[in-house]
1. For Thr354 paired with Arg79, estimate the spin-label separation in nm (one decimal), with each label point 7 Å from Cα along the Cα-to-Cβ line.
2. So between Val345 and Glu294, what do we pick up on full extension, going 0.36 nm a residue minus the alpha carbon distance?
3. Using modelled backbone amide H atoms (1.01 Å from N, in-plane), which distant-in-sequence or interchain residues come within less than 5 Å of Ile47's amide H?
4. For Asp51 and Glu370, what does the FRET efficiency come to when R0 = 30 Å and r is the distance between their Cβ atoms, rounded to the nearest 0.05?
5. Let me check I've understood the local charge: for Val234, count other residues with C-beta under 9 angstrom from its C-beta, Lys and Arg +1, Asp and Glu -1. What total comes out?
6. Quick one: what does P(r) look like for region 86-169 with 5 Å bins over all Cα pairs, in whole %?
7. If packing is taken as the mean number of other Cβ atoms within 10 Å per residue, what is the order of 289-295, 126-132, highest first?
8. Which links in Lys28/Lys72; Lys82/Lys136; Lys100/Lys157; Lys157/Lys336 stretch past 24 Å when you go from one Cα to the other?
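Just so you know, all these numbers are worked out from the coordinates, no wet-lab data involved. From a predicted model like this one, the values you see are computed outputs, not experimental measurements. Please note: Cβ atoms are built from the backbone with ideal geometry, for glycine as well, and neighbour counts cover all protein chains shown.
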Amino acid sequence: MTTFVDRVELHVAAGNGGHGCASVHREKFKPLGGPDGGNGGRGGDVILTVDQSVTTLLDYHHSPHRKATNGKPGEGGNRSGKDGQDLVLPVPDGTVVLDKAGNVLADLVGHGTSYVAAQGGRGGLGNAALASARRKAPGFALLGEPGDVQDIVLELKTVADVALVGYPSAGKSSLISVLSAAKPKIADYPFTTLVPNLGVVTAGSTVYTIADVPGLIPGASQGKGLGLEFLRHVERCSVLVHVLDTATLESDRDPLSDLGIIEEELRQYGGLDNRPRLVVLNKIDVPDGKDLAEMVRPDLEARGYRVFEVSAVAHLGLRELSFALAELVAKARAEKPKEEATRIVIRPKAVDDTGFTVTREDDVFRVRGEKPERWVRQTDFNNDEAVGYLADRLNRLGVEEALMKAGARGGDGVAIGPEENAVVFDWEPSVTAGAEMLGRRGEDHRFEEPRPAAQRRRDRQAERDDAQQEFDDFEPF
């Protein structure tokens, strides 16, 4: 049964925004009390957050589809819809977020670090929010925007100071078990360790973490064995420790050749040349192992390695090793550049930045820009007045003028949005949309008509005025 997963493909979908409401307040003696449609709620985000209690991506391996809740639609009586609830996904420390092409989107290191993987859609405005002096009673509302849908890849890279690397059954798990309180599985057969194990070591005033990486074999960087799957866990470590088996029963192996093979795999994987190395000659409690360690030690030191002879079983040489590792870790931490506070850079848009572009393609003029595309998504094309409102907004933004400058003529096709999801229409300069059937674009004349009670008062006053005029014009005999 798989209990550790360090790479998954995750399909995340944010919540859709709720639609705005088109409503008119109705009350006794007030048949047209004004627009009172509320706004739609915002869709929930999908957020990845580092949680120290999570050590594997196994949950997302079994359930790779995650979706946040949608925003609720607005209602009459100026009642706004409820926002969708954000979906917070806990991930292990050291998780890297990539897109399908392999580009890094975020590197999540440190408890509480978060990344919004999918942004929830905006809620649509109700007709109460769309009312103005010119548009007193809009008979439409804006639609909610759809939430983002993303396919992302999560890769776990262990966050540790020291990495133990070496052949299977070299004694790495035994070494981490005696240096720290970690309890990895230990057995006398290769590939006992199938997952990285982490342990915390205290050496004097220095506390550091040590990782036991599954055993490497020749060709690991090309995918043989388990090496390719777990070499990424070495990337974040400041110090590499070669654990060499001095008591191997395989006739074609010895510590020097093992070291050369592992170094070649690390070199082919790349990015690890600048890490300080130590060599640990393990299993010196075995008589032949002690002799072999003393034989190869001069050659290793001649290559520039610091060499430690240890026995994880007999607890020999462990104190010296732990303090040597603490020294290298402390040095690496001191040389690490201090993180400066993030500077907030404000880059105002250029004065001539229209916020959209118009390009001529084969048979259409394509309009791309955040505002035009968002406005199209929020428009209910079954409502003539909403279409007229969209035409007004695009005209005020300057889209019509830009189309003219680009050479567009009446009847040419205009597409707003990307090729796979665009709204295409035949363009007519200063087109009269359906909303103009009610008057000027975006207006509703219901409130411009006299109300019944007011009209009755005017009629009675007119009758009185006529009677008075007749009386004044009357000439007695």
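1. Roughly 4.4 nm, to one decimal.
2. Contour length minus Cα-Cα distance gives 12.4 nm.
3. When sequence neighbours closer than 5 places are left aside, the close amide H contacts are Leu87, Val88, Leu89, Ala117.
4. 0.35
5. Once positives and negatives cancel, what remains is +3.
6. Reading upward from the zero bin: 3, 11, 13, 14, 11, 9, 8, 7, 7, 6, 4, 2, 1, 2, 1, 1, 0.
7. 126-132, 289-295
8. From the list (Lys28/Lys72; Lys82/Lys136; Lys100/Lys157; Lys157/Lys336), the Cα-Cα distance tops 24 Å for Lys28/Lys72; Lys82/Lys136.
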